[in-house]
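Student: Once you've had a glance at the structure underneath, I'll fire off some questions.
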Amino acid sequence: MPPPITLVTGASRGIGAAIAADLTAKGHLVIGLSRTKPAAFKGEFLAADLADAAATRQALADITRRHAVTRLVNNAGVALVSGVSTTSGDDYDLLMNVNVRAPFLAIQAVLPAMRAARFGRIVNIGSRAGMGKEGRGVYGATKAAVLSLTRTTALENAQFGITSNCVAPGPIATEMLMANYPVGSAKLAAFQKQLPVGRLGTPDEIAHACAYFLDDRASFTTGQVLYVCGGLSIGQVPI
């Protein structure tokens, strides 16, 4: 049988790279889409700036012309520390374009092949910040939008055998996060004390969560959000 074809955006580093590596090990043909190609990438890779709508549409058209993508992981995202009152117009546009518009365009691009196959798996990467977090005014809003997009996509496509779910990470030890919380620093130690499990998560743990939603056997789970946050969302998520 041909391998599952899975598109992963933001696959060049951090969580996206971990997802791509995990799926490749499971036998998927992974198509990576982000601004820069990593030194070693097993699978196909296209470079595109997902903040640019025209470039994103062109890359997606190229991918879907050559492949019937039946699994999609919308991982690419931009995180900026800025409050509601201090976010500039340019930063607002960047966050919305990468975190909301790009996933929307990717979903639109792959749905025809999924509907034709009467099978599809869509996983969007959200964030615990989508429930609200100081300094993450617009970023949190984009991740809340991703969750709403996830649910509506699930409702509109369940009849075609397509599931749409969201993995919402808490603090994960990526290059981006560790730049602000150096290993061994008092700042990192204080931050980790806020987490019930007492540590940061790893990109591999997010990849593991995505793997369930992407599995053939996850056909009865759709429109859901899984918080992989070390317990940080306990008491904050409605039952």
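Every number in this text was worked out from the coordinates using simple rules, so none of it is lab data. Nothing here was measured: the structure is a model prediction, and the numbers come from that model. Methodologically, a virtual Cβ is constructed for each residue, glycine included, from the backbone with ideal geometry; neighbour enumeration extends over all protein chains shown.
Student: Under a straight-distance cross-link criterion of Cα-Cα below 24 Å, which lysines are reachable from Lys187, leaving out those fewer than 8 residues away in the same chain?
Tutor: Lys133
Student: Below 11 angstrom from the Cβ of Val225, what's the summed charge of the other residues (Lys, Arg +1; Asp, Glu -1)?
Tutor: Numbers: positive: Arg128, Lys143, Arg151; negative: none.
That works out to +3.
Student: If you add up the charges near Ala211, with Lys and Arg at +1 and Asp and Glu at -1, over every other residue whose beta carbon is less than 9 angstrom from its beta carbon, what do you get? Please report the intermediate quantities before stating the final value.
Tutor: Details: positive: Lys26; negative: Asp22, Asp215.
That sum, taken over residues with Cβ under 9 Å, equals -1.
Student: Which GluC sites (Glu not before Pro) from region 86-195 combine a DSSP loop assignment with at most 14 other Cβ atoms within 10 Å? Don't jump to the answer; show the numbers that get you there.
Tutor: On the way: sites: Glu134, Glu156, Glu175; in loops: Glu134.
Loop-located and lightly packed - Glu134.
Student: Okay, next question. Shape of region 26-133 from its Cα gyration tensor (a ≥ b ≥ c, root eigenvalues): rounded if a/c is under 1.5, otherwise prolate when a/b > b/c, or oblate? Don't skip to the answer; put the middle values down first.
Tutor: Details: a/c = 1.92, a/b = 1.71, b/c = 1.12.
It comes out prolate by the Cα gyration axes.
Student: Pairs of alpha-carbon atoms within less than 8 angstrom and 6+ residues apart define the contacts here; what relative contact order does region 66-208 have, in percent? The partial results should precede the final answer.
Tutor: Details: 189 pairs, mean separation 34.2, N = 143.
So the answer I get is 24 percent.
Student: Given a Förster radius of 35 Å and the C-beta distance between Ser85 and Lys187 as r, what FRET efficiency does 1/(1 + (r/R0)^6) yield to the nearest 0.05?
Tutor: Numbers: r = 25 Å, r/R0 = 0.70.
According to the calculation, E is roughly 0.90.
Student: Residues with beta-carbon under 15 Å from that of Thr202, excluding Thr202: net charge, scoring Lys, Arg +1 and Asp, Glu -1?
Tutor: Local charge sum for Thr202: -2.
Student: A further question follows. Could you check the simple spin-label distance between Ile234 and Arg66, using points 7 Å along Cα→Cβ, in nm with one decimal?
Tutor: The two pseudo-label positions are separated by 4.7 nm.
Student: Please give the contour-minus-distance gain from Phe220 to Asp49: 0.36 nm per residue of separation, less the Cα-Cα distance, rounded to one decimal in nm. Let's see the in-between values first.
Tutor: Values: separation 171, 0.36 × 171 = 61.56 nm, distance 3.43 nm.
Result for the pair: 58.1 nm of gain on full extension.
Student: With the crude spin-label approximation of a point 7 Å out along Cα→Cβ, what separation in nm comes out for Asp204 versus Phe160?
Tutor: 3.6
Student: Now, a different point. Among the aspartates and glutamates, which have Cα under 17 Å from the Cα of Lys26 when same-chain residues fewer than 8 positions away are ignored?
Tutor: Glu44, Asp204, Glu205, Asp215, Asp216
Student: Taking a ≥ b ≥ c as the square roots of the eigenvalues of the Cα gyration tensor of region 92-239, is the shape rounded (a/c under 1.5), prolate (a/b larger than b/c) or oblate?
Tutor: Values: a/c = 2.19, a/b = 1.77, b/c = 1.23.
Taking the square roots of the gyration eigenvalues as a ≥ b ≥ c, region 92-239 is prolate.
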